[in-house]
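Computed from the coordinates by the stated procedures, all read-outs in this text should not be read as laboratory data. In this text, all values refer to a predicted model and were calculated from it rather than measured experimentally. All Cβ positions, even for glycine, are placed from backbone atoms using ideal geometry, and neighbour counts span all protein chains on display.
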Amino acid sequence: MRILVTGGAGFLGSHLCDRLLKDGHEVVCLDNLFTGRKQNIAHLLSNTQFEFVRHDVIDPFKVEVDQIYNLACPASPPHYQYNPIKTVKTSVMGAINCLGLAKRLRARVLQASTSEVYGDPQVNPQPESYWGNVNPVGKRSCYDEGKRCAETLFFDYHRENKVDIRVVRIFNTYGPRMHEADGRVVSNFVVQALKGEDLTVYGDGQQTRSFCYVDDLIEGFVRFMGQTHSVGPLNLGNPGEFTMMELAELTLKLTGGKSKIVHKPLPSDDPKQRQPDIALARRLLKWEPAVPLEEGLKRTIAYFRGKI
Ligand code: NAD
Ligand code: UDP
């Protein structure tokens, strides 16, 4: 197949391009390089099955493809809050443009949604049936509400126009090719530990997250896109739940770093807990994350060690 990956030069997108090429597909990678980098796809540029298009998903685009993965959107809180209005436009206009294209081409289209649709959840772990607890007017809202609106658009195009959608809610995913200055917790801690800087834990560090290694997530994407039983929404993530203090301590242990842990103010609306309920993915895709946090962190540390 010929497959479009928007946001294909980013962290997840570049791994997805690798996987799709490995599976024998042609890949069109569309990205405006806001948080993505050519470096992430440099090894693919000489591949005749691969094409890079520098373009903003806010503006309509035309390519002839069989499938679309819509990943274009900054994902780390500092990046999506840098220009919040642009973040909403990217989510909403990007979804409309992908869905319009999918409708015309009768192409299957996957939306990279997020666990942020659950906001600061009052139910733990979060099943897909939970509607969430989201502040509509806070600093995270541009991302959370943008992604929620994109899900709405996907389901309306599906109901109204029979577009063949897949909506996946991604929980915190990490691994090689995260940006050093991304601002997300795993890259922050690893880079700080390797540079001998203080590890910045926000708040008391008792808030929890569940961390999925990138290879596991990409396997889930491809399996979800390949089946016809469900359009989602579908949670993908690793159910192992850790406090940020536990993550900081594990990072120090694995890097052998001598950094101190310091506390910084907790950002507004920072969710207190997050853990995916992946019963549906297990049943539907026979999918299960295979890489435990310690192993995934070791691989991520090795990557950043090579960069720093
Ligand atoms: P990333 O920032 O590395 O990748 C996003 C990519 O989208 C970048 O290459 C960026 O340049 C591109 N982009 C941003 N705005 C664009 C625009 N207007 N037009 C074209 N390209 C644009 O982040 P990531 O972690 O790889 O996330 C990829 C997708 O997965 C995002 O949609 C994100 O919301 C979603 N997601 C990721 C996680 C995670 O933990 N990594 C969790 C939930 C959801
Ligand atoms: N966090 C932290 N130190 C950092 C960066 C983040 O303690 O240097 C915390 C952050 O407050 C949040 C958790 O780690 O509670 C995960 O943050 P991230 O930005 O990675 O993802 P998200 O909040 O979107 O889940």
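Selection among His229, Gln206, Ala181 by position relative to the dipole of the stretch 165-238 gives His229 as farthest towards the positive end (Cβ unit charges, Cα centre). Note: the stretch 219-273, Cα convex hull, 134 Å³ per residue.
Rounded to the nearest 500, the helix-only mean residue ellipticity at 222 nm of the chain stands at -12500 deg cm²/dmol, with each DSSP H run of n ≥ 4 adding -39,500 (n - 2.57). The long axis of helix 11-22 is offset from the longest Cα principal axis of the chain by roughly 50 degrees.
Just rank Met225, Met1, Met178, fewest to most, by other beta-carbon atoms within 10 angstrom. Could the numbers behind the result be given before it?
Details: Met225 17, Met1 13, Met178 25.
Arranged by neighbour count, lowest to highest, Met225, Met1, Met178 become Met1, Met225, Met178.
In the stretch 1-110, the C-alpha radius of gyration followed by the widest Cα-Cα span (Dmax) gives 13.2, 38 angstrom.
Pick out, in residue order, every one of the GluC sites (Glu not before Pro) in the stretch 22-84 that is DSSP loop and has at most 15 other C-beta atoms within 10 Å; say none if there are none.
On the way: sites: Glu26, Glu51, Glu64; in loops: Glu64.
Loop-located and lightly packed - Glu64.
Given the pairs Lys286/Lys307; Lys195/Lys253; Lys38/Lys89; Lys258/Lys307, which span a C-alpha to C-alpha distance of over 25 angstrom in this model?
Numbers: Lys286/Lys307 36 Å; Lys195/Lys253 15 Å; Lys38/Lys89 23 Å; Lys258/Lys307 19 Å.
Long pairs (Cα-Cα over 25 Å): Lys286/Lys307.
Count neighbours as other Cβ atoms within 10 Å of each site's Cβ, and list the chymotrypsin sites (Phe, Trp or Tyr not before Pro) in the stretch 76-157 that are DSSP loop with at most 14 such neighbours. Display every interim value, and only then the final one.
On the way: sites: Tyr80, Tyr82, Tyr118, Tyr130, Trp131, Tyr143, Phe154, Phe155, Tyr157; in loops: Tyr130, Trp131.
Sites meeting the loop and neighbour criteria: Trp131.
Residue-normalised convex hull volume from the C-alpha trace of the stretch 209-308: 128 Å³ per residue.
Taking the chain on its own, what percent of its Cα-Cα pair distances exceed 27 Å?
Of all Cα-Cα distances in the chain, 39 percent exceed 27 Å.
The trypsin sites (Lys or Arg not before Pro) of the stretch 49-147 meeting both criteria, a DSSP state outside H, G, I, E and B (loop) and at most 12 other C-beta atoms within 10 angstrom of the site's C-beta, are Lys62, Arg106.
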